[in-house]
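The values are calculated or read from the model by the stated rules, or taken from the named source; none is laboratory data. Since this is a predicted model, take the numbers as computed values, not measurements. Reconstructed Cβ throughout: ideal geometry from the backbone, glycine too, with neighbour counts over all protein chains shown.
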């Protein structure tokens, strides 16, 4: 039986702690560099392939950085994302990219499980991510190992596959590398953080605010 401990995720723990320190002590840059956000920088996948819904050639791309243990991310997933999906993604107007920004060891484990279950299938990835957000209180506050193993088995993985997934150092290193890029290049320092065609929005955001920002871009 696998046990999710600090030993298992030492790399993540150290890396996340180090990134927090970097965010606090990064030297000031020129104002123009600090404020300018290149859409190309946001669009670039680093280590892991993007999990996205909607057409690749959509006029608007929304990129979300979220942590699986973040309650604000879970609230956004429940209350706002379904409306964005219905009005903009399902109608082919928007491409929606979800990227992991694990704030702790349990969030890293949840993200790893989503990746393993999906195995490159974006639709399945979003479905598992939705399940993890909706059951966040159960698997985060209770026995994380048992809960994630049960979810993995329900999704078709064997006990051994779940254990292999949650101990996959290569996958963990890629998550950490992507988070490092988001922190250092995109200046992501909290979740959820969104980029709409490269423009950053921090924090849980209403559907009306997304409408206000998206509609002019669709008309342009």
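General observations
- None of 187, 200, 153, 180 is touching a helix residue (DSSP H, G or I) at 6+ places or on another chain (Cβ under 9 Å) and part of a strand (DSSP E or B) except 200.
- Checking each residue in region 166-199 for being buried (at least 20 other Cβ atoms within 10 Å of the Cβ) and either over 22 Å from residue 97 (Cβ atoms) or free of Cβ contacts under 8 Å to residues at least 40 places away in the same chain (or both) picks out only 166.
- Of residues in region 203-220 being outside any helix (DSSP H, G or I) and more than 16 Å from the chain's Cα centre (by Cα), the one modelled with the highest pLDDT: 206
- Only one of the numbered conditions (1) modelled with pLDDT under 95; (2) under 17 Å from residue 188 (Cα atoms) is violated by residue 10, and that is (2).
- Scan of region 91-124 for residues that are more than 25 Å from residue 143 (Cβ to Cβ) and in contact (Cβ under 8 Å) with a residue 12 or more places away in the chain, ordered by number: 92, 93, 94, 95, 96, 97, 98, 99, 120, 122, 123
- Meets criteria (under 22 Å from residue 192 (Cα atoms) and surrounded by 15 or more Cβ atoms within 10 Å (Cβ to Cβ)) for residue 103: yes
- Residues located in region 60-76, provided they are assigned to a helix (DSSP H, G or I) and surrounded by 23 or more Cβ atoms within 10 Å (Cβ to Cβ): 73, 74, 76
- Residues within region 32-59 that are more than 23 Å from residue 203 (Cβ to Cβ), surrounded by 13 or more Cβ atoms within 10 Å (Cβ to Cβ) and modelled with pLDDT under 95, tallied: 2
- Scanning region 86-97 for residues that are in contact with a strand residue (DSSP E or B) (Cβ under 7 Å, 6 or more places away or on another chain) and in a helix (DSSP H, G or I) yields 88, 89.
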